[in-house]
């Protein structure tokens, strides 16, 4: 996967059908998003933990935060309509290797409107790629938000105004599953989008679009705030956009 392009665009952000449907669901069914949780982890091999560039301080010093955490942060921003939080606070108990590179960590993000998000990223836990967004009227679950279970389709579950049956024995309205078929895998969509951007500049004389650099910068701002919070004893770090 083209790492640099992926950092700018983000593969899952380039699947038009899934992005459109889930964004519509967030806006219409959740009504007001209150809580967002994102998890991305995999149990790395001993060889990975010793030799991969993502655990080397002179190569990719941000470790799991800079790799898996990037996707968690981007998913949270996406669910929050890319509005930056007011503060970011790293969660206690991060795991670092012997040279100080993060192998596992988490953080809490707080917005002025009361919205709260948390994420956890780790090279030490079972493969997990979950996002949950909870609003005043609904709940959204994505269980494969980075790499889909199946290349040709993506799925998510949603529940709108769910409630209990009398005597609290079962749900009245259960969450429903939704599947979106894709014409191309997300990596191909990402490269196609990158080619479109480059073609517009080189072939049509257009100016670079500001969308993707802006989203990447916001993601990096939060990532840097998490790192700063860890280094400052888990103090809240104000995010200045």
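Being surrounded by fewer than 16 Cβ atoms within 10 Å (Cβ to Cβ) and out of contact with any helix residue (DSSP H, G or I) (no Cβ under 8 Å at 6 or more places or on another chain) is the filter here; which residues of the range 53-63 pass it? The answer is 53, 56, 57, 58.
Exactly one residue out of 146, 88, 180 is surrounded by 17 or more Cβ atoms within 10 Å (Cβ to Cβ), touching a helix residue (DSSP H, G or I) at 6+ places or on another chain (Cβ under 6 Å) and assigned to a loop (DSSP other than H, G, I, E, B): that is 146. Looking only at residues of the range 151-169 that are at pLDDT 80 or above and assigned to a loop (DSSP other than H, G, I, E, B), we find that the one that is farthest from residue 187 (Cα to Cα) is 152.
Against the conditions (1) closer than 16 Å to residue 227 by Cβ; (2) touching a helix residue (DSSP H, G or I) at 6+ places or on another chain (Cβ under 7 Å), residue 100 satisfies every one except (2).
In this entry, residue 66 is excluded by the filter for residues that are out of contact with any helix residue (DSSP H, G or I) (no Cβ under 8 Å at 6 or more places or on another chain) and either surrounded by fewer than 21 Cβ atoms within 10 Å (Cβ to Cβ) or at pLDDT 95 or above (or both).
Evaluated against (1) surrounded by fewer than 18 Cβ atoms within 10 Å (Cβ to Cβ); (2) in contact with a strand residue (DSSP E or B) (Cβ under 6 Å, 6 or more places away or on another chain); (3) outside any loop (DSSP other than H, G, I, E, B), residue 124 falls short on exactly one condition, (3). Any residue in the range 38-52 that is surrounded by fewer than 23 Cβ atoms within 10 Å (Cβ to Cβ), closer than 21 Å to residue 215 by Cα and modelled with pLDDT of 95 or more? Yes; the residues of the range 38-52 include at least one that is surrounded by fewer than 23 Cβ atoms within 10 Å (Cβ to Cβ), closer than 21 Å to residue 215 by Cα and modelled with pLDDT of 95 or more. Among the candidates 225, 188, the residue that is touching a residue at least 24 places away in the same chain (Cβ under 8 Å), in a helix (DSSP H, G or I) and surrounded by 12 or more Cβ atoms within 10 Å (Cβ to Cβ) is uniquely 225.
The values are calculated or read from the model by the stated rules, or taken from the named source; none is laboratory data. From a predicted model like this one, the values you see are computed outputs, not experimental measurements. Glycine also receives a Cβ, built like all others from the backbone with ideal geometry; neighbour counts cover every protein chain displayed.
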